[in-house]
Ligand code: CP
Ligand code: NVA
């Protein structure tokens, strides 16, 4: 972190930052994105290094963090379970102590949230959650920025969550509590969100619907995710049956606001959680959403390493 900037923050779940910090990050992401689009060099992180630790597969998270760090003048070290001592049972605490003496910031994609928390507790440098079984805060950061770009403030709006009560759903609930919007959640029985696991206090930030079309009624944003998240592959067949009616299709989009957006964190399975007509249709902003991972994460890394600019 920059000399004299002593307040170390981790980003392990969405509620690690406050509403006014999100307002700052969205504005920084807008500025950083505009500079990038105009080919203006902006390299505040020269000589800084990001370590990326992947215990699960990734396309967007890897490319967005790696490209973003290089654009800001820094470098990246990429580690996986298979090619590091993490896969040979070196304690996570020891890995944290060692890695954080050599790099300036760490991004981790892993299984249990407890694992990233243990790493962070023994890290000398900021740690960012690149997805755990419980949360995916960088994705929701990008989704919110994308919503704001297209429609303005999300405060007071309705987001329909159709599908699994998973890491994305949990993170949407935390975001709703902090930023003042409502999530209409519809999951099949047995796959409900658990407010305790999601880490929310105010049940007023979400409403549960048995019928996914009812959840979409009047929504400003409709969003979904894969039926089977990474790490749950053994449940694939049971989930295919349970989730058959939780496919975001034209009928569900028709129940939402006429100008409702559709989002999906990707990767997507057309014909399962979303129809091709919807994800490839005019209300879908999934490509902006994917690109914005890079812009918001650049703003996030800048904030965690340098504090507020200006
Ligand atoms: N949305 C997302 O995190 O994508 P990857 O799994 O490809 O990183
Ligand atoms: N819920 C999905 C998101 C993938 C980006 C998973 O955890 O696999």
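Odds and ends about this structure:
- Number of residues in region 173-183 that are surrounded by 23 or more Cβ atoms within 10 Å (Cβ to Cβ) and under 15 Å from residue 215 (Cα atoms): the value is 2.
- Residue within region 258-271 that is assigned to a helix (DSSP H, G or I) and either modelled with pLDDT under 95 or under 19 Å from residue 140 (Cβ atoms) (or both) present: no
- In region 77-92, the residues that are surrounded by 18 or more Cβ atoms within 10 Å (Cβ to Cβ) and either at pLDDT 95 or above or within 16 Å of ligand 2 (Cβ to nearest atom) (or both): 79, 92
- Residues in region 149-164 that are more than 16 Å from ligand 1 (Cβ to nearest atom) and either in a helix (DSSP H, G or I) or in contact (Cβ under 8 Å) with a residue 12 or more places away in the chain (or both): 149, 150, 151, 154, 155, 156, 157, 158, 159, 160, 162.
- Checked across region 212-222, the condition of being within 29 Å of residue 35 (Cβ to Cβ), surrounded by 21 or more Cβ atoms within 10 Å (Cβ to Cβ) and touching a residue at least 40 places away in the same chain (Cβ under 8 Å) holds for at least one residue.
- Of all residues in region 28-48, those that are free of Cβ contacts under 8 Å to residues at least 60 places away in the same chain have Cβ atoms under 6 Å from Cβ atoms of residues that are part of a helix (DSSP H, G or I), 6 or more apart or on another chain, in 42/35.
- Residues satisfying the stated conditions in region 199-229, i.e. within 16 Å of ligand 2 (Cβ to nearest atom) and either modelled with pLDDT under 95 or assigned to a loop (DSSP other than H, G, I, E, B) (or both): 225, 226, 227, 228, 229
- Residue count for region 92-148 under the criterion of being in a loop (DSSP other than H, G, I, E, B) and farther than 10 Å from residue 12 by Cα: the result is 11.
- Residues of region 46-88 that are closer than 21 Å to residue 299 by Cα, assigned to a loop (DSSP other than H, G, I, E, B) and within 16 Å of ligand 1 (Cβ to nearest atom): 58, 59.
- The number of residues in region 165-198 being in contact with a strand residue (DSSP E or B) (Cβ under 9 Å, 6 or more places away or on another chain) and in a loop (DSSP other than H, G, I, E, B) comes to 5.
The values are calculated or read from the model by the stated rules, or taken from the named source; none is laboratory data. Values in this document were obtained by computation on a predicted structure and should not be read as measured data. Every residue, glycine as well, gets a Cβ built from its backbone with ideal geometry; the counts of neighbours run over all protein chains shown.
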